[in-house]
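The values are calculated or read from the model by the stated rules, or taken from the named source; none is laboratory data. On a predicted model such as this, the values are computed, not experimentally measured, just so you know. Neighbour counts are summed over all protein chains in view; Cβ atoms, including those assigned to glycine, are modelled from backbone coordinates with ideal geometry.
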Amino acid sequence: MALDLPRSPSFRLDGKRALVAGASSGIGLACAAALAEAGAEVVLVARREEELLAVAEAIRAAGGRASTHVLDITDLDATAATVGREGPFDVLLNAAGLARHSPALEARPEDYDAAMGLNLRAAFFLTREVAKGLIAAGQPGSLVNVSSQMGHVGGPDRSVYCASKHALEGMTKAMAIEWGPHGIRVNTLCPTFIRTPLAARTLDDPERRAWVLSKIKLGRVGEVEDLMGPVVFLASDASALVTGTALLVDGGWTAD
């Protein structure tokens, strides 16, 4: 008797629409390219119009589908209006974020407010608006916020950043519980240090770079390409039973 083998779920995203926040550079740009390559129509949002248009043009030149909307996701009213007008979205990938590093004793209230305002407050309400649209449409979806390995450990001069990312991890778990009955999955993608402009201050300092490399068991900093496969996994049916958790792409940093 012939044995019917199970078939691998698809990593393809054909027919899906993905909202990518923070898409104008770095991790967001790479994730947008990965989602488009997997077949999704990507709707790119960021504050910088010129860079955003260049990303969309490059995606279309490679055969993908992309549109753009200039948006500061810390503007909650504008975010709600954009998501309500352009949605529903099958996938959310939120890569918007910032870091204000300093010793805890020197952290300024304005740095705390800026980090929490974008990394947590804006992420919360953006994720909620996308979920609201899916629930109203009766559709499932995959919602992914880019967190960090620093959402799972601590680090020098990173008390504010770690606070924002640890909170993002808790938010993810709670949202996954609430929206699971609607078929909506909520997860985080947690990179180590990735070679982007955001990480340049750390990686350009020989002492700090040595510290980073001493913690990464694979012995190298990350590249944006290291996140492209994981984001497609989280967005696609390949991760259909994955929700309320973090995908750590940290080279073994948190293995200790």
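Tabulated results
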item: Some residue of the stretch 51-60 being surrounded by fewer than 17 Cβ atoms within 10 Å (Cβ to Cβ) and within 18 Å of the chain's Cα centre (by Cα); result: no
item: Which listed residue, of Thr202, Thr188, is touching a strand residue (DSSP E or B) at 6+ places or on another chain (Cβ under 8 Å), outside any loop (DSSP other than H, G, I, E, B) and within 26 Å of Ala34 (Cβ to Cβ); result: Thr188
item: Per-region count, the stretch 21-39, residues outside any loop (DSSP other than H, G, I, E, B) and either surrounded by 19 or more Cβ atoms within 10 Å (Cβ to Cβ) or free of Cβ contacts under 8 Å to residues at least 24 places away in the same chain (or both); result: 12
item: Single unsatisfied condition, Pro206 versus (1) surrounded by fewer than 19 Cβ atoms within 10 Å (Cβ to Cβ); (2) more than 28 Å from Arg108 (Cα to Cα); result: (2)
item: Residues within the stretch 191-238 that are of a type in the set (Gly, Ala, Ser) and touching a Pro at 6+ places or on another chain (Cβ under 8 Å), tallied; result: 3
item: Test: residue in the stretch 3-20 that is in a helix (DSSP H, G or I) and touching a residue at least 24 places away in the same chain (Cβ under 8 Å); result: no
item: Pair list, Cβ under 7 Å, 6 or more apart: the stretch 187-201 residue touching a residue at least 12 places away in the same chain (Cβ under 8 Å), other residue of a type in the set (Asp, Glu) and part of a loop (DSSP other than H, G, I, E, B); result: Cys190/Asp250; Pro191/Asp250; Thr192/Asp250; Ile194/Glu223; Arg195/Glu223
item: Answer from Asp4, Asp77 - the residue that is modelled with pLDDT under 95, of a type outside the set (A, V, I, L, M, F, W, C) and surrounded by fewer than 24 Cβ atoms within 10 Å (Cβ to Cβ); result: Asp4
item: Any hit, the stretch 213-232, residues being in a loop (DSSP other than H, G, I, E, B) and within 20 Å of Asn145 (Cα to Cα); result: yes
item: Filter result (within 19 Å of Gly138 (Cβ to Cβ) and under 19 Å from the mean Cα position of the chain (by Cα)) within the stretch 77-107; result: Val83, Gly87, Pro88, Phe89, Asp90, Val91, Leu92
item: Filter result (within 24 Å of Gly28 (Cα to Cα) and in contact (Cβ under 8 Å) with a residue 24 or more places away in the chain) within the stretch 203-218; result: Ile216, Leu218
item: Residue that is farthest from Ile184 (Cα to Cα) [pool: residues in the stretch 61-110 that are charged (D, E, K, R) and in contact with a strand residue (DSSP E or B) (Cβ under 7 Å, 6 or more places away or on another chain)]; result: Arg65
item: Which listed residue, of Gly151, Gly180, Gly138, is surrounded by fewer than 16 Cβ atoms within 10 Å (Cβ to Cβ), under 22 Å from Leu19 (Cβ atoms) and touching a Ser or Thr at 6+ places or on another chain (Cβ under 9 Å); result: Gly180
item: The stretch 25-64, residues that are more than 28 Å from Gln139 (Cα to Cα) and not aliphatic (A, V, I, L, M); result: Ser25, Gly26, Arg47, Arg48, Glu49, Glu50, Glu51, Glu57
item: Identity of the residue in the stretch 90-134, among the polar types (S, T, N, Q) and modelled with pLDDT of 95 or more, that ends up surrounded by the fewest Cβ atoms within 10 Å (Cβ to Cβ); result: Thr127
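Okay, residues lined up against (1) under 20 Å from Ile27 (Cβ atoms); (2) crowded, with 19+ Cβ neighbours inside 10 Å; (3) free of Cβ contacts under 8 Å to residues at least 12 places away in the same chain:
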site	(1), (2), (3)
Thr172	yes, yes, no
Glu225	yes, no, no
Gly244	no, no, no
Gly252	yes, no, no
